[in-house]
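Trainee: This structure is in structure tokens; I'll ask about it shortly.
The values are calculated or read from the model by the stated rules, or taken from the named source; none is laboratory data. Only a predicted model underlies this, so the values are computations on that prediction, with no experimental measurement involved. Neighbour counts run over all protein chains shown; Cβ positions are idealised from the backbone, glycine included.
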Amino acid sequence: MHRREHMKGRLPGMYAPCLLLGLGLGCTMANPEFDAMALAMSGDSSGEDEGRPEEESGESGEAESGSESESGSESESGSEEETSEGAPGDACPVGDATLVACYPFEQPNAAADGSGKGNHAQAQALGLSPSLWGSALDCESSEQVKVSDSASLDIDLDLTLAMWVRPDGVPEGAAVWLDNSGQYGMFFDVDDGFVAWVLTVGDGYQKAIVEHEHIPIGEWSHIAATYDGDHLRAYVNAQPRADEEVDAGLSDNGEPMAIGYNYPGGERCVGLIDGLQIYARVLGQDELAVLAQQP
């Protein structure tokens, strides 16, 4: 595919050829038996005094034990909820059949897909750098990170794209974060800022644009785009920033999906990418908020 000039407003023209083608309990409470023994050795025979420490100790023990029990219960409950309803950071959610691709970028030269759909990425070079959760794809040291075309990535209607980005500067032209060979993607543009786009049947390319100010340079931001056949929406840190009306389904795609550049080459991203996820459904804002949680 030719180098896309859509990054500067010329998407439809350059993509025309593609239209034929995703606690141990460190128990610090008082010991009742030890307290009673200490009082007996001290010679204090006041039954009233002997009983009081035991009662107070018992109350203290119950309070601490109850607090720790509640804490453990809340922790376990929260963990289960994150697993079933989405996972924050770059972790891949479990049990969502609509998740078609998920890349946490934790293994050098192996961008394994954690969705269970087998959309593993191959790379000429996969450079990694530290991120909030371990490691992230380094745009400068990565080369040709791509995923073979597959039916699960060839989404024709409901779609969600989500990822963490940390741009280290404003690109000279366009810096592509994701490009499913003309069908859908997201990039960072010198003029427009964060751009989410889809190629629709009949209406051509549609874009949702978010200004530069919402994507701070040198900071992590969670970006997302959703498409439902009627609206293309863009989010930053789970907050809606752009909404464009669209009335068409997505076009077909028959070429590889590129991560961090524009397939077959060019417009490489700047900075870091982490936690890339693609869904064949529209995630709600509350679900995006879970994905956008920072440690």
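Trainee: For Ile217, all conditions in the list (1) part of a loop (DSSP other than H, G, I, E, B); (2) hydrophobic (A, V, I, L, M, F, W, C); (3) in contact with a helix residue (DSSP H, G or I) (Cβ under 8 Å, 6 or more places away or on another chain) hold save one; what is the number of the exception?
Mentor: (3)
Trainee: Then there's this: Go through the residues of the range 230-250 one by one and say whether even a single one is in contact with a Phe, Trp or Tyr (Cβ under 6 Å, 6 or more places away or on another chain) and either among the β-branched types (Val, Ile, Thr) or assigned to a loop (DSSP other than H, G, I, E, B) (or both).
Mentor: Residues of the range 230-250 in contact with a Phe, Trp or Tyr (Cβ under 6 Å, 6 or more places away or on another chain): none.
Looking for residues that are in contact with a Phe, Trp or Tyr (Cβ under 6 Å, 6 or more places away or on another chain) and either among the β-branched types (Val, Ile, Thr) or assigned to a loop (DSSP other than H, G, I, E, B) (or both), one finds none in the range 230-250, hence no.
Trainee: Answer yes if at least one residue in the range 197-207 is part of a strand (DSSP E or B), within 19 Å of the chain's Cα centre (by Cα) and on the phi < 0 side of the Ramachandran plot, and no otherwise. Give the derivation first.
Mentor: Filtering the range 197-207 down to residues part of a strand (DSSP E or B) leaves 197-200, 204-207.
Those still in the list that are within 19 Å of the chain's Cα centre (by Cα) too: 197.
Those left that are additionally on the phi < 0 side of the Ramachandran plot: 197.
The answer is yes, given that some residue of the range 197-207 is part of a strand (DSSP E or B), within 19 Å of the chain's Cα centre (by Cα) and on the phi < 0 side of the Ramachandran plot.
Trainee: Select from the range 132-156 the residues that are among the acidic types (Asp, Glu), assigned to a loop (DSSP other than H, G, I, E, B) and buried (at least 18 other Cβ atoms within 10 Å of the Cβ) and list them in ascending order.
Mentor: Here is the first cut: in the range 132-156, the residues among the acidic types (Asp, Glu) are 138, 140, 143, 149, 154, 156.
After this cut, where a residue has to be assigned to a loop (DSSP other than H, G, I, E, B) as well, the list is 140, 149, 154, 156.
Those that are among the acidic types (Asp, Glu), assigned to a loop (DSSP other than H, G, I, E, B) and buried (at least 18 other Cβ atoms within 10 Å of the Cβ): Asp149, Asp154.
Trainee: Does His222 fit the bill of being in contact with a Leu (Cβ under 7 Å, 6 or more places away or on another chain), over 17 Å from Ile155 (Cβ atoms) and surrounded by 16 or more Cβ atoms within 10 Å (Cβ to Cβ)?
Mentor: Yes, satisfied.
Trainee: Checking the structure you have, find out if any residue of the range 157-167 is over 24 Å from Ala111 (Cβ atoms), aromatic (Phe, Trp, Tyr) and not in a loop (DSSP other than H, G, I, E, B). Break it down into steps so the answer makes sense when it comes.
Mentor: Step one: filter the range 157-167 for residues over 24 Å from Ala111 (Cβ atoms), giving 157-158.
Then keep just the ones that are aromatic (Phe, Trp, Tyr); that gives none.
Looking through the range 157-167, none of the residues is over 24 Å from Ala111 (Cβ atoms), aromatic (Phe, Trp, Tyr) and not in a loop (DSSP other than H, G, I, E, B).
Trainee: Sticking with this structure for a sec: Conditions first: (1) surrounded by 17 or more Cβ atoms within 10 Å (Cβ to Cβ); (2) in contact with a Lys or Arg (Cβ under 8 Å, 6 or more places away or on another chain). Pro240 passes all but one, so which condition is the exception?
Mentor: The failed condition is (1).
Yes/no per residue for (1) within 27 Å of Asp274 (Cβ to Cβ); (2) out of contact with any strand residue (DSSP E or B) (no Cβ under 7 Å at 6 or more places or on another chain):
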site: Leu199; (1), (2): yes, no
site: Lys207; (1), (2): yes, no
site: His212; (1), (2): yes, no
site: Ile217; (1), (2): yes, yes
site: Tyr227; (1), (2): yes, no
site: Arg233; (1), (2): yes, no
site: Val236; (1), (2): yes, no
site: Glu245; (1), (2): no, no
site: Asn253; (1), (2): yes, yes
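Trainee: Starting from the range 120-131, keep only residues that are outside any strand (DSSP E or B), then list their pairs with residues that are surrounded by fewer than 19 Cβ atoms within 10 Å (Cβ to Cβ) and among the small types (Gly, Ala, Ser) whose Cβ atoms are within a distance under 9 Å, requiring at least 6 positions of separation or different chains.
Mentor: His120/Ala110; His120/Ala112; His120/Ser148; Leu126/Ala110; Leu126/Ser141; Gly127/Ser141
Trainee: Considering the range 279-293 alone, what residues qualify as being at pLDDT 95 or above, assigned to a loop (DSSP other than H, G, I, E, B) and surrounded by fewer than 17 Cβ atoms within 10 Å (Cβ to Cβ)?
Mentor: If the condition is that a residue be at pLDDT 95 or above, assigned to a loop (DSSP other than H, G, I, E, B) and surrounded by fewer than 17 Cβ atoms within 10 Å (Cβ to Cβ), then Gly284 is the only one that fits.
Trainee: In this structure, does Gly66 turn out to be more than 23 Å from Gly127 (Cβ to Cβ) and modelled with pLDDT under 85? Before you say what the answer is, go through the steps one by one.
Mentor: Values: more than 23 Å from Gly127 (Cβ to Cβ): yes; modelled with pLDDT under 85: yes.
Yes, satisfied.
Trainee: For the condition closer than 20 Å to Asp156 by Cβ and either in contact with a helix residue (DSSP H, G or I) (Cβ under 9 Å, 6 or more places away or on another chain) or of a type in the set (Gly, Ala, Ser) (or both), what is the one hit in Gly260, Gly249, Gly266, Gly275? If you could, list the steps in order and put the result at the bottom.
Mentor: Details: Gly260 fails: closer than 20 Å to Asp156 by Cβ; Gly266 fails: closer than 20 Å to Asp156 by Cβ; Gly275 fails: closer than 20 Å to Asp156 by Cβ.
Going through Gly260, Gly249, Gly266, Gly275 in turn, just one is closer than 20 Å to Asp156 by Cβ and either in contact with a helix residue (DSSP H, G or I) (Cβ under 9 Å, 6 or more places away or on another chain) or of a type in the set (Gly, Ala, Ser) (or both): Gly249.
Trainee: Among the numbered criteria (1) farther than 25 Å from Asp286 by Cα; (2) at pLDDT below 95, which one does Cys139 miss?
Mentor: If we test Cys139 against (1) farther than 25 Å from Asp286 by Cα; (2) at pLDDT below 95, just (2) comes out false.
Trainee: Can you tell me which residue is modelled with the lowest pLDDT among those in the range 109-119 that are assigned to a loop (DSSP other than H, G, I, E, B) and in contact with a strand residue (DSSP E or B) (Cβ under 7 Å, 6 or more places away or on another chain)?
Mentor: We begin by selecting, within the range 109-119, every residue assigned to a loop (DSSP other than H, G, I, E, B); these are 109-110, 112-119.
Add one more test, that the residue is in contact with a strand residue (DSSP E or B) (Cβ under 7 Å, 6 or more places away or on another chain), and what stays is 109, 113-115, 117, 119.
Values: Asn109: 74, Asp113: 96, Gly114: 95, Ser115: 96, Lys117: 96, Asn119: 97.
So the residue we want is Asn109.
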